[in-house]
Amino acid sequence: MRFAPSGPLRGTYVPPADKSLSHRAAILAAIGGDPVRIRNYLRAEDADSTLGAIQQLGALVERRDGELIVRGAGARGALGADGVIDVGNAGTLMRLLPGWLAGQAGGSWTFDGDASIRRRPVDRIAVPLREMGAGIEATDGRFPPFTVRGASLRAIEYALPVASAQVKSCVLLAGLTAAGRTTVVEPAPSRDHTERLLLAAGASVERAATRVSVTGHDELELPDLTIPGDPSSAAFIVAAGVLVRGSRLVVEGMGANWTRTGFFRILERMGGIVVGPLEPENAPLTGDEPITELDVTAGPLVATTVEPAEVPLAIDELPLVALLGVFADGETVVRGAQELRVKESDRIATVVDGLAALGAAIEATEDGFVVTGTGRLRGGTIHSHGDHRLAMLGAVAGLASEEGVEVAGMEAAAVSYPGFEDDVQALLVP
């Protein structure tokens, strides 16, 4: 699909429901015993994979009047799956769900997914789950398909080698069925939706700096939820609004959780004009998710350096930082982002190769990239490689380019944002 150079984007924009929260809300509802109403659950392939998985494990899922009603199987009540649990393209599902199942002694579940998932390692969850007592058997020791064998778990203190909300969440979910207090220590903060939902559901959760602990807790009572708009999805529209001259957008209903808005802080540092309240960094842990309204306008950009401690809070939006760097004055550098190499694609390689093919002055490093701002992007063709973020990056690049961009594999966006193209068109001034 081709995205031509555009005039201004103007209007009110409501992002789709938060993908990370949708996954977690469905899983936590499945672990509970009482019915949970989830409003504004994401309608996308990844989120649908989670619903299919929890249904295989015994949860009942019903859509009614725009709501999702989940009747859980209970903390120790997961059924043996009828066949393989197919996670599709959902890495979050693949890494979180084993945490719940690991503590169910005698059970065995096999996970698999698409070709992209089979390239994404699971050894990071296998190490702590084995230490807690569960069995994990993976292809070549670290890839899907893999099998989880439940056991009576023991609590541990586990230091993550790399900050990862998915691995942290897996260990905390396993901690619910472990004897004692399970603690995860991160090298830097990562998104904290799991901790907030556990706290809201009545679990004993404590956070001090980068240490998060949960005590074994068999009965979760998750309250009814409304999922806010996804900051990661909104970031692509916001970036277009900053890059295309004359744009003016109002973003409504977006989640403002400080562990998810690192991109917006980076964007403001680069000179992007984004006005609206965001939750302060290092805000105390609560069971709520803050929501905000943003006012976005285009403006001149300056280069910046993204340091390793910032990476986990902007991991999904770092490809946009590369694109912004093309139009910024100076040299934009991203460091400590090696995690990008094990996403749906090797996002360091695919972003660098993709933008370079469009005329960007960009080079890959082992753990990130360096972009020299030229103030212009020629255009051409970019391949999504089946990666939803790369597909949307190509679309935004096309709007800001001189000649337009053909996105090969635009259908990949449906994984997280099936309405992306319609939302872009609705905001373009005729």
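The values are calculated or read from the model by the stated rules, or taken from the named source; none is laboratory data. Values in this document were obtained by computation on a predicted structure and should not be read as measured data. Heads up, the Cβs are rebuilt from the backbone with ideal geometry, glycines too, and the neighbour counts pull from every protein chain shown.
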Failed condition for residue 250, given (1) at pLDDT 95 or above; (2) more than 27 Å from residue 324 (Cβ to Cβ), with all others met?
(2)
Count of residues meeting criterion [among the small types (Gly, Ala, Ser) and assigned to a loop (DSSP other than H, G, I, E, B)] in segment 419-430
1
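I need the full set of residues from segment 133-163 which are small (Gly, Ala, Ser) and modelled with pLDDT under 95, in order please. Show your work before the answer.
Initially, segment 133-163 is screened for residues small (Gly, Ala, Ser), giving 133-135, 138, 141, 150-152, 155, 159, 163.
Matches in segment 133-163: 141, 163.
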When restricted to 152, 204, the only residue farther than 29 Å from residue 307 by Cα and in contact with a His (Cβ under 7 Å, 6 or more places away or on another chain) is 204
Hits in segment 100-120 - residues which are crowded, with 17+ Cβ neighbours inside 10 Å, within 22 Å of the chain's Cα centre (by Cα) and not in a helix (DSSP H, G or I):
111, 112, 113, 114, 116, 120
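Just to be sure before I move on: is residue 302 surrounded by fewer than 24 Cβ atoms within 10 Å (Cβ to Cβ), in contact (Cβ under 8 Å) with a residue 60 or more places away in the chain and not assigned by TED's automatic domain parsing to the domain that holds residue 206 in the structure I sent?
Values: surrounded by fewer than 24 Cβ atoms within 10 Å (Cβ to Cβ): yes; in contact (Cβ under 8 Å) with a residue 60 or more places away in the chain: no; not assigned by TED's automatic domain parsing to the domain that holds residue 206: yes.
No, not satisfied.
For residues that are closer than 17 Å to residue 42 by Cα and not small (Gly, Ala, Ser), scanning just segment 412-430, find the one that is surrounded by the fewest Cβ atoms within 10 Å (Cβ to Cβ).
Our first condition is that a residue be closer than 17 Å to residue 42 by Cα; within segment 412-430, this holds for 412-423.
Filter again for not small (Gly, Ala, Ser), leaving 415, 417-418, 420-423.
Details: 415: 24, 417: 26, 418: 16, 420: 21, 421: 18, 422: 9, 423: 19.
Among them, the one singled out is 422.
Give the residues of segment 82-99 that are farther than 16 Å from residue 194 by Cβ and under 26 Å from the mean Cα position of the chain (by Cα), sorted by residue number. Lay out the reasoning, then the answer.
Taking segment 82-99 and keeping what is farther than 16 Å from residue 194 by Cβ, we get 82-89.
Passing the criteria: 84, 85, 86, 87, 88, 89.
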Quickly run through segment 1-15 and pick out the residues that are assigned to a loop (DSSP other than H, G, I, E, B), surrounded by 18 or more Cβ atoms within 10 Å (Cβ to Cβ) and under 26 Å from the mean Cα position of the chain (by Cα).
15
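So which residues in segment 209-225 are part of a strand (DSSP E or B) and more than 23 Å from the chain's Cα centre (by Cα)? Break it down stepwise before answering.
First, pick out the residues of segment 209-225 that are part of a strand (DSSP E or B): 211-215, 225.
Once the filter is applied, which keeps residues that are part of a strand (DSSP E or B) and more than 23 Å from the chain's Cα centre (by Cα), segment 209-225 yields only 215.
Matching residues to (1) aromatic (Phe, Trp, Tyr); (2) in contact with a His (Cβ under 6 Å, 6 or more places away or on another chain); (3) modelled with pLDDT of 95 or more; (4) crowded, with 18+ Cβ neighbours inside 10 Å:
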| residue | (1), (2), (3), (4) |
| --- | --- |
| 341 | no, no, no, no |
| 352 | no, no, yes, yes |
| 355 | no, no, yes, yes |
| 358 | no, no, yes, yes |
| 370 | no, no, yes, yes |
| 373 | no, no, yes, yes |
| 378 | no, no, yes, no |
| 384 | no, no, yes, yes |
| 391 | no, no, yes, yes |
Condition first: in contact with a Ser or Thr (Cβ under 6 Å, 6 or more places away or on another chain) and over 16 Å from residue 362 (Cα atoms). Now tell me which residues in segment 294-308 satisfy that.
298
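Conditions tested, residue by residue: (1) out of contact with any helix residue (DSSP H, G or I) (no Cβ under 6 Å at 6 or more places or on another chain); (2) not in a strand (DSSP E or B).
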| position | (1), (2) |
| --- | --- |
| 145 | yes, no |
| 163 | no, yes |
| 167 | no, yes |
| 171 | no, yes |
| 184 | no, no |
| 188 | no, yes |
| 191 | no, yes |
| 202 | yes, yes |
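Residue check: is residue 18 surrounded by fewer than 20 Cβ atoms within 10 Å (Cβ to Cβ) and charged (D, E, K, R)? Break it down into steps so the answer makes sense when it comes.
Numbers: surrounded by fewer than 20 Cβ atoms within 10 Å (Cβ to Cβ): no; charged (D, E, K, R): yes.
Answer is no for this residue.
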For a quick check of your reading of the model, give me the residue pairs whose first member lies in segment 238-256 and is touching a residue at least 24 places away in the same chain (Cβ under 8 Å) and assigned by TED's automatic domain parsing to the domain that holds residue 288, whose second is among the charged types (D, E, K, R) and buried (at least 24 other Cβ atoms within 10 Å of the Cβ), with beta-carbon atoms closer than 8 Å and at least 6 apart or on different chains.
254/230; 255/18; 255/230
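Scan segment 287-294 and tell me whether some residue there is touching a residue at least 24 places away in the same chain (Cβ under 8 Å), over 24 Å from residue 21 (Cβ atoms) and in the same structural domain as residue 375 (by TED's automatic domain parsing).
Start the filter on segment 287-294 by keeping residues that are touching a residue at least 24 places away in the same chain (Cβ under 8 Å), which leaves 287-294.
Remaining after also requiring over 24 Å from residue 21 (Cβ atoms): none.
No - not one qualifying residue is present in segment 287-294.
Going through segment 263-279 one residue at a time, which ones are within 14 Å of residue 322 (Cβ to Cβ) and either under 21 Å from the mean Cα position of the chain (by Cα) or not in a loop (DSSP other than H, G, I, E, B) (or both)? Step through it out loud before you land on a result.
The initial filter retains those residues of segment 263-279 that are within 14 Å of residue 322 (Cβ to Cβ), namely 263, 266-267, 270.
263, 266, 267, listed by residue number.
Among the residues of segment 393-411, which ones are more than 30 Å from residue 93 (Cα to Cα) and either surrounded by fewer than 19 Cβ atoms within 10 Å (Cβ to Cβ) or in contact with a His (Cβ under 6 Å, 6 or more places away or on another chain) (or both)? Step through it out loud before you land on a result.
Pass one, segment 393-411, residues more than 30 Å from residue 93 (Cα to Cα): 398-406.
Listed by number, the residues that qualify are 402, 403, 404, 406.
Any residue at all in segment 348-370 that is assigned by TED's automatic domain parsing to the domain that holds residue 406, under 17 Å from the mean Cα position of the chain (by Cα), free of Cβ contacts under 8 Å to residues at least 40 places away in the same chain and under 21 Å from residue 267 (Cα atoms)?
As a first pass, look at segment 348-370 and keep what is assigned by TED's automatic domain parsing to the domain that holds residue 406: 348-370.
Checking the rest, the ones that are also under 17 Å from the mean Cα position of the chain (by Cα) come to 348.
Those still in the list that are free of Cβ contacts under 8 Å to residues at least 40 places away in the same chain too: 348.
From the residues that got through so far, the ones that are under 21 Å from residue 267 (Cα atoms) too are 348.
Yes, segment 348-370 contains at least one residue that is assigned by TED's automatic domain parsing to the domain that holds residue 406, under 17 Å from the mean Cα position of the chain (by Cα), free of Cβ contacts under 8 Å to residues at least 40 places away in the same chain and under 21 Å from residue 267 (Cα atoms).
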Of the residues in segment 250-293, those that are within 19 Å of residue 197 (Cβ to Cβ) and among the hydrophobic types (A, V, I, L, M, F, W, C) come to 254, 256, 258, 283, 285, 291
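Return yes when residue 249 is in a loop (DSSP other than H, G, I, E, B) and touching a Phe, Trp or Tyr at 6+ places or on another chain (Cβ under 9 Å) and no when it is not.
Numbers: in a loop (DSSP other than H, G, I, E, B): no; touching a Phe, Trp or Tyr at 6+ places or on another chain (Cβ under 9 Å): yes.
Here the answer is no, as residue 249 does not meet what is asked.
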